[in-house]
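Asker: What follows is a single structure, and I will ask about it in a moment.
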Amino acid sequence: MSALAKSRRIALWLFIGCAMWSLVVSGHAAPRWIGTWATAPIPEAPGKDTPALAGATFRQIVHVSLGGNLLRLRLSNAFGATPLKLASVHLALAAPGGALQPGTDRAVKFAGQDAVTIPAGAPLVSDPLEFPLPAQADVAISIHFAAELPATLTAHPGSRTTSFLQPGDALAAAAMPEAQKVERWYFINGLDVLVDAPASSALAILGDSITDGRGTTTDRNNRWPDEFVRRYQSRADLPPLGVLNLGIGGNALVRGGIGPNILARLDRDVLAQSGARWLLVFAGINDIGGRVSARKENREFASAAEIIAGYQQVITRAHSRNLRVIGATITPYAGADFYWTPDGEADRQRINDWIRRSGAFDAMVDFDAAVRDPQSPTRLLPEFDSGDHLHLSPAGYARLGEALEPKLFSP
């Protein structure tokens, strides 16, 4: 490391330390790291559609909630059985088509170095980085991979954004017009910002494909949590809130589904989040609907009682970390013949009644009531239906974003 780089690093840490100390002695809350964006990883085995990341540059675009001037990047090799080696990582404000906004490109350091090795199964947090970040900005995370990768990649297939893959070291490329386009994220896990506003916190959202954004428009960031962020930030009277979308397409609360179930991933995906104060749980439809395939394969499936017990486990474990937990009712799905059954519908009604009436949650949002058809309450309102009668349209996701009350997050 050069003398100039060392002096800059020392100055940065002095700035952080002095800022925190001055707020403590003046009686104000110290600055806190708050998650502004996050995603939930799952394992992906190599396949014919896995991009050739080894030795290449992969530019991934994420849409943040909070802004700030000091960032840190979180990466993950959660499912790798061998270390993950990265040659270098850069952050920049994103422009359309995988381009970078001029003058915003910054190198991310790890213990003062460009290159880093992430141990098998581990997360990694970068050094703090001075980076002027507007709220609701699109950020380009560019990674130049070493020549070898773990056999099992840590990924998020439902990114709903376009990533850009180019052979070799293209970190400094202002644009990547010849890059291969990939709608998937690899190895990125979160972005944190340092916030010194009182009562600032993060809301972690656990869910499935309805939270992950199945049926939304690629690169438009119109998932329901994105819609909620826009509504929340229009209110000047509320404290800063990072909103973290931890939905996984096909994910289940307790049994079956894609990726680790919510009970298995709660610690990594929620309790480890920076500044998390709130948890919203919007899950259970895949546990209910999964009984169709389970019956065909002679497998057990989750009952309503088991799903309710799963919610209670989430609440207990979250409360032990002083998180407040919001329960969301399960939305209608009649007409989705690959999932809907009469007994499944009966269980959905029973579970929703428990969410509304049990008092187990600290608060409740009635997503079912927000998007159901008043003339046929077991179905989505047609304008909110993506067409498969399970996932929502962009208008339906906007309605969910409206249904969550911003005042819940006031001090």
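Asker: Quick one: length gained pulling VAL292 to ASP196 fully straight, 0.36 nm per residue minus the C-alpha distance?
Answerer: Details: separation 96, 0.36 × 96 = 34.56 nm, distance 4.96 nm.
Length difference between fully extended and current span is 29.6 nm.
Asker: Counting only C-alpha contacts under 8 Å and six or more residues apart, can you give the relative contact order of region 181-249 as a whole percent? Walk me through the numbers before you get to the answer.
Answerer: Details: 67 pairs, mean separation 33.0, N = 69.
Worked out over region 181-249, it gives 48 percent.
Asker: For region 108-242, report the accessible area per residue in Å² (1.4 Å probe, heavy atoms, rounded to an integer). Don't skip to the answer; put the middle values down first.
Answerer: On the way: 5100 Å² over 135 residues.
Heavy-atom accessible area per residue stands at 38 Å².
Asker: Just grab the label-to-label distance for GLU306 and ASP49, each label 7 Å out from Cα along the Cβ direction, in nm (one decimal).
Answerer: 2.9
Asker: Using a ≥ b ≥ c from the Cα gyration tensor of region 262-411 (square roots of the eigenvalues), is it rounded, prolate or oblate, where a/c under 1.5 gives rounded and otherwise the larger of a/b and b/c decides, a/b for prolate?
Answerer: Because a/c hits 1.5 or more and a/b fails to exceed b/c, region 262-411 counts as oblate.
Asker: If you average the alpha carbon positions of region 97-115 and of region 329-388, how far apart do those two centres end up, in angstrom?
Answerer: About 44 Å separates the Cα centre of region 97-115 from the one of region 329-388.
Asker: If you don't mind, there's one more thing I want to ask. Once you put a point 7 Å from the Cα of SER234 and another 7 Å from the Cα of ARG299, both along the Cβ direction, what distance in nm separates them?
Answerer: Reported label-point gap for SER234 and ARG299 is 4.2 nm.
Asker: Within the chain, which is the longest segment that contains none of the trypsin sites (Lys or Arg not before Pro) sitting in a DSSP loop with at most 16 other Cβ atoms within 10 Å? Walk me through the numbers on the way to the answer.
Answerer: Details: sites that count: LYS48, ARG220, ARG235, ARG299, ARG321.
Longest gap between qualifying sites, sites excluded: 49-219.
Asker: Here's something else I'd like to know. Give the aspartates and glutamates reachable from LYS85 as a straight Cα distance under 12 Å; neighbours fewer than 8 places away on the same chain don't count.
Answerer: Result set, ordered by chain and number: ASP114, GLU148.
Asker: Could you tell me the relative contact order of region 107-257? Use alpha-carbon pairs under 8 Å, at least six residues apart, and round to a whole percent.
Answerer: Values: 164 pairs, mean separation 31.3, N = 151.
Reported as a whole number, the value is 21 percent.
Asker: Here's a follow-up. For LYS109, go through the aspartates and glutamates and keep the ones whose alpha-carbon is under 20 Å away, minus same-chain ones fewer than eight residues off.
Answerer: ASP127, GLU130, ASP169, ASP192
Asker: Could I ask something else about it? Please state the shape class of region 92-165: rounded when a/c is under 1.5, otherwise prolate if a/b exceeds b/c and oblate if not, all from the C-alpha gyration tensor. Please report the intermediate quantities before stating the final value.
Answerer: On the way: a/c = 1.91, a/b = 1.27, b/c = 1.50.
Oblate, because a/c is 1.5 or more while a/b does not exceed b/c.
Asker: Charges only on Cβ, +1 for Lys and Arg, -1 for Asp and Glu: so what's the dipole of the chain about the Cα centre, in debye to the nearest 20?
Answerer: Using Cβ point charges on Lys, Arg, Asp and Glu, the chain gives about 800 debye.
Asker: Continuing with this model, one more query. Give me the percent of the accessible area of the chain that comes from carbon and sulfur atoms, probe 1.4 Å, all protein chains in place. Walk me through the numbers before you get to the answer.
Answerer: Working: 9070 of 16860 Å².
Ligands and nucleic acids excluded, carbon and sulfur give 54 percent.
Asker: Which one of GLY55, GLY112, GLY247 has the biggest mean-square fluctuation once the chain is modelled by GNM with Cα springs under 10 Å?
Answerer: Result for the chain, Cα springs under 10 Å: GLY112 fluctuates most.
Asker: When the Cα atoms of the chain are enclosed in a convex hull and the volume is divided per residue, what value in Å³ results? Don't jump to the answer; show the numbers that get you there.
Answerer: Numbers: hull volume 60.5 nm³, N = 411.
Here the figure is 147 Å³ per residue.
Asker: What's the extension gain from ALA172 to ALA87 if we count 0.36 nm per residue and subtract their Cα-Cα distance?
Answerer: Length gained, ALA172 through ALA87: 29.3 nm.
Asker: Right, something else. Report the full-extension gain for the segment ALA395 to THR341: residue separation times 0.36 nm, less the Cα-Cα distance, to one decimal in nm.
Answerer: So the extension gain works out to 16.8 nm.
Asker: On to the next question. List the aspartates and glutamates whose Cα lies under 14 Å from the Cα of LYS181, skipping any in the same chain that are fewer than 8 positions away.
Answerer: Within the straight-line limit of under 14 Å, LYS181 reaches these aspartates and glutamates: ASP49, ASP219.
Asker: Once the Cα atoms of helix 224-233 and of the chain are each reduced to a long axis, what angle between those two axes, in degrees from 0 to 90 to the nearest 10, is obtained?
Answerer: Approximately 60 degrees, to the nearest 10.
Asker: What is the projected area of the convex hull of the Cα atoms of region 216-340, averaged over all directions, in nm²? Before the final figure, lay out the partial values.
Answerer: On the way: hull surface 37.2 nm².
Taking the Cα atoms of region 216-340, their convex hull projects to 9.3 nm² on average.
The values are calculated or read from the model by the stated rules, or taken from the named source; none is laboratory data. None of these values were measured; they are calculated from a predicted model. Cβ atoms come from the backbone with ideal geometry, glycine included; neighbour counts cover every protein chain shown. When the accessible area is computed, the model is the full protein with side chains, heavy atoms only, and any ligands, DNA or RNA have been set aside. Shrake-Rupley method; radii C 1.70, N 1.55, O 1.52, S 1.80 Å.
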